[in-house]
Amino acid sequence: MLKFASSISFILLFLFLSHCDSEIVKPIHLDIPRSILKLNQFRFDDSNDLTFHWKKNPSRFSNPKNPKYSNLQIGIQEDSILFRNESKDSLMLSPNSSLEINFPSLISFFQTDYLVLQGSGKLQLYSNNEILYEKEISYSNKWETLKIEKKMSNLKFVWVGNSFLFLGAPRSISKEISKPNIILIVIDALRKDALGSYGNQFKISPTLDELAKDSVKFNSHFANANWTKPSMISLFYGDYSSNLGITSIGFPISVSEKLVFYSQKNPGLVNILREENYYTKSIMNNVFLQDYTGVGVDLGFHDLTQIGKDISDTEEITKSAIKFLESSKEETFFLHINYNTPHGSYSPPNRILKKIEEETAKEVWNTKNSIIKRYYGEVRYVDEEIQKIIHVLKKLNLYEESHIIITSDHGDLFEKKHSFEENKIFGTQYGHGETHYDEEIAIPLIWKFPNSVSKSLIQKEFDGMSSGISLVPTLLSSLNIEYDKKLFKGKDFFHFLKTNSGESKEEFVYTEGRMSESIRTNTMKYIRRFSGFTNYYLDFQPIDQSKLEEAYDLEKDPQELSPIVVQDEWRKILYENSLKKNSLKIFFPKESLPAKINLNLVGEIYRFEFLTGEGKSIAFNKNNIQFEVPFQETNVEIRIMITNPETRFYYSLDTKTAQRKLRLGKWGILDKVEINNSRIIFSETEPDGLKKSKQVWAYLDGALINNSSIERTKKLQTEVMSVLKSWGYIQE
């Protein structure tokens, strides 16, 4: 018997609905609890090579507890020119198998997409032994849709074929109190000052400017990263990407990063909305939001359309969004749209540029160079596409009572004095990901609330400083969805919008980048680059170490053109509000001093400090650190914060005692070689026997590892230590 969550929750839902007869109701999506589906596999053959046609997110996050056959995301490439992939949550039926679903109450509608990737077979669908659907199915590179509109309490799929059948995003529809639809449109690389509603004199955003009149406009809004991957993860999870395990150094995502990310307690916006019976759909050009790419992670969408051809993707994304809206107007949905325009290459259609020139005063038109004009052309291009979506929302009567949220993931660098050519260390002009100036991190947030909500809002503009991490808590609050506030770094601003009291700003906005970070207040900005910040060189020479810090008085110098002296107070603010990182801790017993150590880490160093005692660094760069600890009458402990959730390192060690030997990890296994390539084993707490050790001891604190992983490790620790002792690896 299939249950939603528990019999108690179902009864409570029934009692609640019975008192809401006067409320507006409409169909909403209900996930099928797959972990208790009854699957009869008559023959299971895994020898077929399916990888040529399909992609599967191997670390599927939607519900990792589900059995593998019900926890797939299958993607097919429908268009190899546009790189269009359609990926869906899927149930897998192996050759000659059946699947039964028994619903806890009558349903009147069932829908699924289906796909056979090789071979052919016959699909039959029954309810109460009555056949509802029968079709011969063969290989296709497109998902087909099956809809059943009939009152029924059970369904049985019978698949007789020589290949695998995938049921994509199967769902039933039930009636419940109406919930507002959510349309989140992210416009990649859109600077805040590109929009007329934020002061631009070029008439390039008429649609968004008009939408802003119906919306709450956030006037001082910022991204939490200066490039796409970490910024988008931060936005969807209300916490900094690196805190969730996905570092901001480069494109690839390691297995270790995924282990940490998928073990987080924070479920993220998509999965929270799934629990609230929203159907979740993403239409985008963004490889960072898909697991199989090797550079992204799966956020848990039921259904995801990826279109990966720059410029050509823009209209295709719009067409896909309109198709979804027209086919899903009776459902309750969360639709995420991610345009890659105006991201480089700045190649708008010529007709757009001509139109802007005709509509712009000549003295204004001549103030910008051709590159910025092309950027503006792409802004106008995407504005026209959004106009089509707004038109369809109004036509389908979805506009009035929907959340429509417009934002970006970062801006782009225009100011020449901020470019590498001028300052010798920063980013390329007309790009992003290297600096922390407002050009790159100041982004728009235009939020049209449902009319029934909007009429109760006191604030029509939000002037307090805000950032992407506050979007999720504010949205959940507006939907009356309870959530664990401890899991989010962002603030809930909805109460302030309604009452003019409560949280009205973020005191500090933290932004991470590639080997860099910044902290911003209303009056100052402090930028720190990690030692070894080596993205750019001048004549193959490393950047000047004195350039690793910058500070600006934003009241006197809002354009950030004249750096000022960094104050210790600002360093402290950054330190207190920056990222959590996994820490490699090294303990020096006083008997080992003086000591000297040289570490070469596979993974970038974020920060290092002495927790007890003192010493001095001899050298410190991207992944190498050398320091010495003089003789002193106390134990010394240092902490090296690293970007990776786990690391390997080479080391050499000189100490007063036990020369060149180092205890490693939670069990303190003693190395026996001078220079070793060592994989540190996580230790969630200080290792037993650490303070009694006479040898230098190194271990990771595992700050980003999930508590459940730690608990499992604890249970094994006693037994493993006993075994290692019996082998002679651990000596008291």
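The values are calculated or read from the model by the stated rules, or taken from the named source; none is laboratory data. Given the structure is predicted, the values throughout are model-derived calculations rather than measurements. Positions of Cβ are generated from backbone atoms using ideal geometry, with glycine treated the same way; all protein chains shown enter the neighbour counts. Only protein heavy atoms, including side chains, enter the accessible area calculation; ligands, DNA and RNA are left aside. Shrake-Rupley method; radii C 1.70, N 1.55, O 1.52, S 1.80 Å.
Tell me which residues come under 5 Å, amide H to amide H, from GLU506 once H is placed; ignore anything under 5 positions away on its chain.
Long-range HN contacts for GLU506: MET465, SER466.
Okay, which of segment 548-576 sit inside 15 Å, backbone N to the point 7 Å along the Cα-Cβ direction of ASN522?
Taking a point 7 Å out along Cα→Cβ of ASN522, the residues of segment 548-576 whose backbone N falls under 15 Å are 554-556.
Give me the percent of accessible area attributable to carbon and sulfur for segment 311-434, probe 1.4 angstrom. Write out the running numbers ahead of the final one.
On the way: 2370 of 5030 Å².
Solvent-exposed carbon and sulfur of segment 311-434 make up 47 percent of the total.
Rounded to a whole number, what % of the accessible area of segment 88-247 do carbon and sulfur atoms account for, probe 1.4 Å?
Details: 2130 of 4860 Å².
On segment 88-247, the fraction of accessible area on carbon and sulfur atoms equals 44 percent.
I'd like the distance between the alpha-carbon centres of segment 285-322 and segment 108-182, rounded to an integer number of Å.
Computed from Cα coordinates, the inter-centre distance equals 24 Å.
Out of residues 5 or more away from PHE493 or on other chains, whose amide H comes under 5 Å of its own, with H placed 1.01 Å from N in the peptide plane?
Distant-sequence amide H within range of PHE493: THR474.
Over the Cα atoms of segment 65-161, what radius of gyration and what Dmax do you get, in Å?
Calculated on Cα positions, Rg and Dmax stand at 14.5, 45 Å.
Rank by packing, highest mean first: peptides 592-604, 353-365, with packing defined as the count of other Cβ atoms within 10 Å averaged across residues. Kindly include the intermediate steps, with their values, before the conclusion.
Values: 592-604: 19.5, 353-365: 13.3.
Top to bottom by mean Cβ count within 10 Å: 592-604, 353-365.
From zero up to wherever the largest Cα-Cα distance of segment 409-448 sits, split into 5 Å bins and tell me the percent of pairs in each.
6, 29, 30, 16, 9, 5, 3, 2, 1
Quickly work out the LEU396-to-GLN559 label distance, labels modelled 7 Å from Cα along the C-beta direction, and quote it in nm with one decimal.
Here the modelled spin labels are 4.5 nm apart.
Could you give me the ³J(HN,Hα) list for segment 72-82, computed from phi with Karplus coefficients 6.51, -1.76, 1.60 and θ = phi - 60°, whole Hz, x at Gly and Pro?
9, 10, 9, x, 10, 8, 8, 8, 7, 7, 8
Report the gain in length on full extension from ARG639 to ILE371: 0.36 nm times residue separation, minus Cα-Cα distance, nm rounded to one decimal.
On the way: separation 268, 0.36 × 268 = 96.48 nm, distance 4.61 nm.
Contour length minus Cα-Cα distance gives 91.9 nm.
Give the Kirkwood hydrodynamic radius (Å, one decimal) of segment 435-525, defined as one over the mean of 1/r across all pairs of different Cα atoms. Can you show the working numbers first?
Working: mean 1/r = 0.0693 Å⁻¹.
One decimal place: 14.4 Å for the Kirkwood radius.
Applying a 10 Å radius around every beta-carbon, put 101-113, 135-147, 300-312, 429-441 in order of their mean neighbour count, most first.
Details: 101-113: 17.4, 135-147: 13.3, 300-312: 21.3, 429-441: 23.7.
Averaged packing, sorted descending, gives the order 429-441, 300-312, 101-113, 135-147.
Which part of segment 76-103 falls in the paramagnetic zone of LYS309, meaning amide N under 18 Å from the point 7 Å along Cα-to-beta-carbon?
Only 76-87 pass the distance filter.
Using only alpha carbon pairs under 8 Å that are at least six residues apart, calculate the relative contact order of segment 184-285 and give it in whole percent.
Numbers: 69 pairs, mean separation 13.6, N = 102.
Across segment 184-285, relative contact order equals 13 percent.
Tell me which residues come under 5 Å, amide H to amide H, from SER408 once H is placed; ignore anything under 5 positions away on its chain.
ILE187
Say each of ILE618 and GLU482 gets a label point 7 Å from the Cα, pointing the same way as Cα to Cβ; how far apart are those two points in nm?
Placing both labels 7 Å along Cα→Cβ, they lie 5.8 nm apart.
If r is the Cβ-Cβ distance from LYS416 to GLU210 and R0 is 30 Å, what FRET efficiency results, to the nearest 0.05?
0.35
Taking the mean number of other Cβ atoms within 10 Å as a proxy for protection, how do you rank 508-521, 577-590 from highest to lowest?
Working: 508-521: 23.3, 577-590: 20.8.
Packing proxy ranking, top to bottom: 508-521, 577-590.
Using θ = phi - 60° and the Karplus curve 6.51 cos²θ - 1.76 cosθ + 1.60, what whole-Hz ³J(HN,Hα) does each residue of segment 357-368 get, with Gly and Pro shown as x?
4, 5, 8, 10, 4, 4, 5, 7, 4, 7, 7, 10
Per residue of segment 450-467, what does 6.51 cos²θ - 1.76 cosθ + 1.60 with θ = phi - 60° give for ³J(HN,Hα)? Whole Hz please, x for Gly and Pro, Karplus curve as stated.
Whole-Hz 3J(HN,Hα) from phi for segment 450-467: x, 4, 5, 8, 4, 5, 9, 7, 7, 8, 9, 9, 10, 9, x, 5, 9, 8.
Using only the Cα atoms of segment 111-241, construct the convex hull and provide its projected area averaged over every direction, in square nanometres to one decimal. Walk me through the numbers on the way to the answer.
On the way: hull surface 53.8 nm².
Result: a mean projected hull area of 13.5 nm².
At 1.4 Å probe radius, can you tell me the per residue accessible area of segment 182-275 in Å²?
Numbers: 2430 Å² over 94 residues.
Solvent-accessible surface per residue comes out at 26 Å².
Full-extension gain between LYS388 and SER456, please, as 0.36 nm times their residue separation minus the C-alpha to C-alpha distance. Present the calculation step by step, with values, prior to reporting the outcome.
On the way: separation 68, 0.36 × 68 = 24.48 nm, distance 2.84 nm.
Extending this stretch completely gives an extra 21.6 nm.
Hey, how many Å between the Cα centroid of segment 387-434 and the Cα centroid of segment 338-360?
Cα centroid to Cα centroid, the span is 13 Å.
What FRET efficiency comes out for SER347 versus TYR133 if R0 is 45 angstrom and r is the Cβ-Cβ distance? Round to the nearest 0.05.
Computed FRET efficiency for SER347 and TYR133 comes out at 0.45.
At R0 = 45 Å, how high is the FRET efficiency between GLU357 and ILE81 if r is their beta carbon distance? Nearest 0.05 is fine. Kindly include the intermediate steps, with their values, before the conclusion.
On the way: r = 31 Å, r/R0 = 0.69.
Efficiency at R0 = 45 Å is approximately 0.90.
For segment 372-426, what does the accessible surface come to per residue with a 1.4 Å probe? Please give it in Å². Before the final figure, lay out each step's value.
On the way: 1910 Å² over 55 residues.
I get 35 Å² per residue for segment 372-426.
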